[in-house]
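The values are calculated or read from the model by the stated rules, or taken from the named source; none is laboratory data. As the structure is a prediction and not an experimental result, all values here were calculated from the model. Here the Cβ is made from the backbone with ideal geometry for all residues, glycine too, and neighbour counts use every protein chain on show.
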Amino acid sequence: MPACARAPLRLLADQFFETRDRIDQLTKIIRLEAASSDTAKRLQTIPGIRPITATALAATLPDVTGFRSSRDLSAWLGLTPKPHSSGGREKLGRISKMGNRYLRRLLYLGAMGVITSRRRGQPGEDWLWRLLQRKTAKQAAIALANRMARIVWALLRNGTEYRGARAA
């Protein structure tokens, strides 16, 4: 490597390592906050919601009793489809993408993680597996993120923890 290129590359490498260390420090702070917050602990019981998402939801969401239903929270986040209705026939379009883009992205990424782990497992007859059989992974992730937002509403409203679906 030429000597004139070493100094600028060294600066870039130092910036990279410094940024990585800062990110690690912030991640530790977020994990400590998630461990000390009752709300964040309850939210982490939902599959796909980890400390960063839980603390972001706990810090950003308004009082959920202001939402009439779980669909209202999901719509507030921009995870519900836009309705296009005419002549009594209802057709649902793409998601509205209104609301907090960061929270919507965190829920989507958590949903993609759940889908990835679900695909590695055995075929089943649960809701997610049936959805993956007829939709793309990204469409299923939006549907799962919508469902996760509705579960968040229920947990925060009732003050309970998530209990997975029971086997029949």
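Residue-by-condition table, conditions (1) over 15 Å from the mean Cα position of the chain (by Cα); (2) farther than 30 Å from residue 66 by Cβ; (3) free of Cβ contacts under 8 Å to residues at least 12 places away in the same chain:
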{"site": "118", "(1), (2), (3)": "yes, yes, no"}
{"site": "123", "(1), (2), (3)": "yes, yes, yes"}
{"site": "143", "(1), (2), (3)": "no, no, no"}
{"site": "150", "(1), (2), (3)": "no, no, no"}
{"site": "154", "(1), (2), (3)": "yes, no, no"}
{"site": "157", "(1), (2), (3)": "yes, no, no"}
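Report whether or not residue 32 is surrounded by 11 or more Cβ atoms within 10 Å (Cβ to Cβ) and either touching an Asp or Glu at 6+ places or on another chain (Cβ under 9 Å) or modelled with pLDDT of 95 or more (or both). Criteria met by residue 32.
No other residue among 93, 99 is among the small types (Gly, Ala, Ser), modelled with pLDDT under 95, crowded, with 16+ Cβ neighbours inside 10 Å and outside any helix (DSSP H, G or I) apart from 99.
Confirm whether residue 21 is acidic (Asp, Glu) and under 30 Å from residue 143 (Cα atoms). In short, no.
The condition of being in contact with a strand residue (DSSP E or B) (Cβ under 9 Å, 6 or more places away or on another chain), at pLDDT below 95 and under 22 Å from residue 82 (Cα atoms) holds for residue 104.
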